[in-house]
Structure formats: structure tokens, C-alpha cells
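The values are calculated or read from the model by the stated rules, or taken from the named source; none is laboratory data. The model shown is predicted, which means the values in this text are computed figures rather than measured ones. All Cβ positions, glycine included, derive from the backbone under ideal geometry; neighbour counts span all protein chains shown.
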Amino acid sequence: NIVDGFAVDVYERHALICLELGDIGEFNQCQASLKKLYEGLSDVKETSISDFFCYRLAYLSLGGQHDALATELIIYTNTITKSTKTPENASPRVKKTDLRWTIKLCTACEDGDCGTICRALMALPRGMHLLLKIYLQKCRLRWLREALNCIRGMVSMRLVMASMGSTPVERHKGEVAPGAEGEDTHFWLDGSFAEAEEALRQFFEMIKFPLPQRFSFAEEIRRDMKKRYPHCGEEALKSEEDITVVDAAALFKCVDGYIAFLSTRSDVGIGNAE
């Protein structure tokens with residue numbers, strides 16, 4: 001029942017710790033409390049209000065709560081039109097740039113557009129990346145099923161990895177990769193090369209699909225880089241002759257079967273796909 005700046009600071013810090021730990025249920029309670037606190041205070045930092053409003057939109061979208069998401073956007077739109085009359089409301093203090101990137105992120109997650117997802121995360125606060133990582137395996141199941149749906153025969157592991165967002169995206173000037181070193185020129189959806197490699201291994205263990213014995217994550221990343229930067233010449237062409245492939249139908253069956261299994265779990269709605 002305490003409504004002051006200190007209470008806001010406590011809830012914000014606790015919410016970010018929850019994202020670090022992957023506790024989406026506790027995060028939901030924090031962001032719901034923050035929404036009420038922001039409405040009751042007029043001197044809260046605009047950055048905090050903007051960040052957590054965007055986190056709420058992404059949380060609702062990633063969790064499949066589309067009706068609640070639509071309601072939030074309608075309230076925001078209505079408030080903007082009369083913002084001069086309601087200065088105490090949080091919505092007018094939301095950064096339009098962050099809001100645009102959040103909507104792009106939500107749309108890209110629905111479409112499996114991993115390039116746009118990475119660009120959005122580099123433009124948004126670090127907490128957004130932590131939030132998405134909680135839902136990432138669940139999203140990847142859907143992205144991969146859609147990618148494999150119309151493929152027959154063999155499919156390259158590089159295409160599988162690209163469909164899952166396991167390959168890095170080059171950082172443009174001014175873009176920031178949260179948690180990365182300054183000299184790191186690429187952004188990884190999983191956070192780093194090592195984390196991406198481990199996440200891929202865990203994903204295939206989760207769906208019970210054995211990776212080919214000759215598969216090498218590092219080698220596939222090297223091929224992906226050469227494919228995108230063709231100045232490598234003959235060596236790049238030679239690498240295409242030795243690509244690692246898997247049976248698309250068998251992989252689709254495992255992915256689809258695991259999604260069906262998740263549909264029987266009561267906690268699937270909160271994005272827990274482990």
C-alpha cells in the first residue's frame with residue numbers, strides 16, 4: 001500500500017532481477033504493480049515508465065494475451081489524444097521510438113523475422129532481451145515448424161539455424177548489443193556464440209531429434225558468414241560442397257510433436273517451453 005518513489009524503485013529492480021532469473025510469473029506481478037504505481041505518481045522517471053510499458057506490451061504479445069495487448073494499445077491511443085488533460089497518466093510519457101520498436105519486435109516474433117528481432121533488441125532497453133530469452137525456445141518451435149512445413153527431402157542445418165535465429169546479425173554503427181563487448185561486431189539472439197551453441201544443443205535434445213554426427217556449430221557459423229560475405233571466393237564455394245543436412249520431414253515431426261505435447265501443459269501459456 002506504499003505509493004512513493006522508493007516503492008517504484010524496489011519494484012523496478014525486482015522486476016529486472018526476475019527477468020535475469022527467468023521468473024516470468026514474479027515479473028508479471030511486479031509489472032502489474034508498477035502500472036498502478038505509475039498511475040498514482042506524477043514525478044516518476046519517464047525512462048522507467050517507457051521501459052516498463054514496452055515490457056508489458058512484449059510480455060502480453062509473447063504470452064499470447066492478444067486481447068489484453070489490444071486493450072493496452074487502445075488505452076494508450078485514447079490517452080494520447082487527451083494527454084494534455086491527463087498529465088498524471090503514464091502513457092504520454094512513453095517514448096515513441098521505443099514503442100515503435102516494441103511493436104516491430106512483437107510483429108517480428110509472430111512472423112519469425114529474426115533479423116528484425118535482433119535490430120529491435122539492439123534499439124530497446126536490455127530488459128527486453130532478457131524477457132524475450134524466456135520465451136525464445138517456445139518461439140523457435142513455432143518458427144521452425146513454419147519454416148519446415150513446405151519443405152520436402154533434406155534441409156541444410158544452416159537454414160535450420162537461420163530459421164531459429166541461432167546465427168548472428170551484424171551490428172550497424174550506433175547499435176548496441178546488450179552485455180556484449182564494445183569490439184563485438186555481431187549480435188546474438190542468445191547473447192553470445194557459446195550461449196547460442198548451447199541453446200541449439202538443448203533445443204534438439206528437448207524435441208528428441210539427434211543432431212548429425214558430423215555437425216559442427218562453429219563450422220556452420222563460418223559457412224553462414226561466408227555465404228553472407230561472398231568476397232571469400234573459391235573457399236566459400238568449396239564449403240558448399242560439404243554442408244550438413246537433416247531430413248526435413250523427420251525434423252518437422254519432432255517439432256510438431258513437441259508443440260502438441262506442450263498444448264497439454266497448464267503452464268504453456270506463460271511461455272515455459274523447457
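Here are some notes:
- Residues in the stretch 1-26 that are free of Cβ contacts under 8 Å to residues at least 12 places away in the same chain, closer than 17 Å to PRO125 by Cα and surrounded by 13 or more Cβ atoms within 10 Å (Cβ to Cβ): ASP9, ILE17.
- Residue check for VAL3: part of a helix (DSSP H, G or I) and β-branched (Val, Ile, Thr): no
- Residues of the stretch 58-82 that are in a helix (DSSP H, G or I) and closer than 14 Å to PHE27 by Cβ: ALA58, TYR59, LEU60, LEU62.
- Screening ALA68, ALA90 for residues that are surrounded by 14 or more Cβ atoms within 10 Å (Cβ to Cβ), at pLDDT 90 or above and either among the small types (Gly, Ala, Ser) or touching an Asp or Glu at 6+ places or on another chain (Cβ under 9 Å) (or both) leaves exactly one candidate, ALA68.
- Pick from the stretch 190-217, criterion part of a loop (DSSP other than H, G, I, E, B) and among the aliphatic types (A, V, I, L, M), ranking: surrounded by the fewest Cβ atoms within 10 Å (Cβ to Cβ): LEU211
- Residue match in the stretch 40-54 (condition: part of a helix (DSSP H, G or I), in contact with a Phe, Trp or Tyr (Cβ under 9 Å, 6 or more places away or on another chain) and within 19 Å of LEU136 (Cβ to Cβ)): yes
- Scanning the stretch 12-51 for residues that are at pLDDT below 95 and of a type in the set (Phe, Trp, Tyr) yields one hit, TYR38.
- Test for ILE117: is it among the β-branched types (Val, Ile, Thr) and in a helix (DSSP H, G or I): yes
- Residues in the stretch 209-229 that are over 19 Å from GLY115 (Cα atoms) and more than 23 Å from the chain's Cα centre (by Cα): PHE209, PRO210, LEU211, PRO212, GLN213, ARG214, PHE215, SER216, GLU219.
- Within the stretch 103-124, residues that are free of Cβ contacts under 8 Å to residues at least 12 places away in the same chain and over 15 Å from TYR55 (Cα atoms) have Cβ atoms under 9 Å from residues that are surrounded by fewer than 22 Cβ atoms within 10 Å (Cβ to Cβ) and among the hydroxyl-bearing types (Ser, Thr, Tyr) in these pairs: ASP113/THR107, counting only partners at least 6 apart in sequence or on another chain.
- Among residues of the stretch 71-83 being more than 19 Å from MET128 (Cα to Cα) and either crowded, with 16+ Cβ neighbours inside 10 Å or touching a helix residue (DSSP H, G or I) at 6+ places or on another chain (Cβ under 6 Å) (or both), the one that is modelled with the highest pLDDT is TYR76.
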